[in-house]
Amino acid sequence: MCPLIPNGIIGTGWDFVIALILGIAFGFILEASGFSSSRNIVGVFYGYNFVVLRVFFTALIVAMVGLLYFSYFGWLDLSKIFILPTYLIPMIVGGVIMGIGFIMGGFCPGTSFTAVAIGKLDGIVFTIGLYLGIFVFTEAYPLFGDFYNSGDLGNVTITDAFGIPASWVAMAFTVVALAAFWGTSLIEKRVRKNRSEYKF
Amino acid sequence: MNKHHSKNSEPKYINPYLGGVLLGLLVLVTVLITGRGLGASGAIKSTVVTTAHVFTPEQAKSNAYMNKFISDDHSPMYTWLVFETLGIFLGGLLSGIVFGRVKKLRTEHSPKITSKTRLIFALIGGMLFGIGSQFGRGCTSGAALSGTATFALGGAVVMFAIFGTGYAAAYFFRKLWI
C-alpha cells in the first residue's frame, strides 16, 4: 500500500499541497523544540543543552522502528522508498564542511528558516550564506566535479554494506540513544551549575 | 510578553522527547506518503539555479551541475522541496506566534561577542553549510535525519561527519557561544 504517492494511491496533483502541510508540521516542531535559537542548538557541543541530541535521536528511533513495523505488517514496500545514494569520501568531506559551518553559524538549513520566521537577523544572514555557498559551489563545480561524483556506492543501506539486519541497526541506535539520554543529562546538570546565565 | 525576572528561567519550549516523537512520526508519515524524507537545503539550491537561469540562462545551462536541475517544462522552483520549505517557514512562524516568540528583527549572540561578529560568523557558517550540503547530498534534515531513518549508509556517514566535526571544532569557536 505505502508509499502512497509512488504507488499511485494519492495522485501526483496533491504533491505540493502535501509538501506544504508536511513542511508546516516540520517547521512547527523545529521551532517549538527550540531550534530557532542558535545558542540552544550549539549547546549540544558545549554540554549546556542537549536538546538537539534528544530530539534528533528520538526522531531517528521513532522513524526507524515505525518504518520496520509498517514493513513487517506488509503496509509498506521498503523497496519502493528512496535510499540516499552513498558517495563515501565526498559525503564525509561534505559532512566535515557542514560540521564546521554548524559550529560557526549555529544553525543548519531547516532551523535557520524557523529563525527567519520569528525575526532573528542571524538566521536571515545564515540563510543568505547558504545561498552564497551553494552559488559558489555551482560556479566552482568544474574544478571538483570529478571528486563530487567519485566513490559512488549506489543506493546502499547499512544492511547492504555490513550485512547487519535493519532491525539490529534500529536496536543499536536505540540502545546508544538511551545511554546518551542518560549520560548527557548528567553532563548538562554539571555544566549548567557553572553557568551564571542561561537565558536565550 | 509577560516577563519572568528569574534569571535562570528557560524559554517555553516543548519537551524535547515529545518534539522528537513528533518529528519521528512526521518523518515516518512523510516516507509513507511520498516515499522519501524531509529536506531543507534542496530549496535553496533550486533558488540558486532559478536566479542563475533567469539572469544568465546560457551560462546556467552550460554549467554541468546546474543543468541537471533545469527543465524546459517547468521552473526549478516548481519542486516538492520548495513547497515543503515554504511550509517550514510558515510552521516556524505559527509556532513563534503560539509561543510568543515572533518579535522585531534581533540578533542572538553570546555576551562575549558583538552582533557584528555573530553575523559575520553566521554568514561564513551558512556558506560552509551550503557548500557541504552539496557534497553531502543533503543537510541535517535530508541526509542525516531522513537518510539515516531510512537506513541509508550515506545518511549515517553524513550524520557522524557533521556531529563529529562539530565536537572536534567546538573548542576553537567557544568564544562565539559560551
Chain A: calculated mean residue ellipticity at 222 nm from DSSP helix runs of at least 4, using -39500 (n - 2.57):
-23000 deg cm²/dmol
Quick check: the angle from helix B:16-34's long axis to the longest principal axis of chain B, C-alpha only, nearest 10 degrees?
10
What list of ³J(HN,Hα) couplings, whole Hz, do you get for region A:87-92 from phi and the Karplus terms 6.51, -1.76, 1.60, once you set θ to phi - 60° and write x for glycine and proline?
10, 3, 5, x, 6, 5
Positive-end residue of A:Leu76, A:Ile9, A:Phe107, charge dipole of chain A with Cβ unit charges:
A:Phe107
Accessible area that becomes buried as B packs against A, both chains, 1.4 Å probe, Å², nearest 100:
11200
Hull surface divided by four, with the convex hull built on the Cα atoms of region A:127-191: how many nm²?
8.3
Is there a simple number for the mean count of other chain Cβ atoms within 10 Å of the Cβ of residues in B:168-176, and what is it?
5
Please identify the trypsin sites (Lys or Arg not before Pro) of region A:120-200 that satisfy two criteria: DSSP loop assignment and at most 16 other Cβ atoms within 10 Å. Which are they?
A:Arg195, A:Lys199
Expressed as an acute angle from 0 to 90° and rounded to the nearest 10, what is the orientation of the C-alpha long axis of helix B:41-55 relative to the principal long axis of chain B?
50
Counting other Cβ atoms within 10 Å, keep those with at most 15, restrict to DSSP loop, and tell me which chymotrypsin sites (Phe, Trp or Tyr not before Pro) in region B:20-112 are left.
B:Tyr78
Filtered chymotrypsin sites (Phe, Trp or Tyr not before Pro), region A:62-127: DSSP coil and at most 11 other beta carbons within 10 Å
A:Phe73, A:Trp75
Cα-Cα over 20 Å: which of A:Lys120/B:Lys116; B:Lys103/B:Lys175; A:Lys120/B:Lys12?
B:Lys103/B:Lys175
Whole-percent carbon and sulfur contribution to the accessible surface of region B:105-178 (1.4 Å, no ligands, DNA or RNA) stands at 75
Skipping prolines and chain starts, which residues have an amide H placed within reach, meaning under 5 Å, of the one on A:Leu76, given they are 5 or more residues away or on another chain?
A:Cys2, A:Ser71
With every protein chain kept in place and ligands, DNA and RNA left out, what is the accessible area per residue of the protein assembly as shown? Probe 1.4 Å, answer in Å².
44
Quote the charge dipole size of chain A about the Cα centre in Debye, to the nearest 20; the model charges only the Cβ of Lys and Arg (+1) and of Asp and Glu (-1).
1020
Distant alpha-carbon pairs in chain A (separation over 32 angstrom), percent
30
At most 11 other C-beta atoms within 10 Å and a DSSP loop state: those are the exposed trypsin sites (Lys or Arg not before Pro) I care about. Give me the longest piece of chain B that has none.
B:8-102
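The values are calculated or read from the model by the stated rules, or taken from the named source; none is laboratory data. A quick note: this is a predicted structure, and the numbers were derived from the prediction, not measured. Virtual Cβ from ideal backbone geometry, glycine too; neighbours counted across all protein chains shown. Surface accessibility is based on the protein's heavy atoms, side chains included, excluding ligands, DNA and RNA. Shrake-Rupley method; radii C 1.70, N 1.55, O 1.52, S 1.80 Å.
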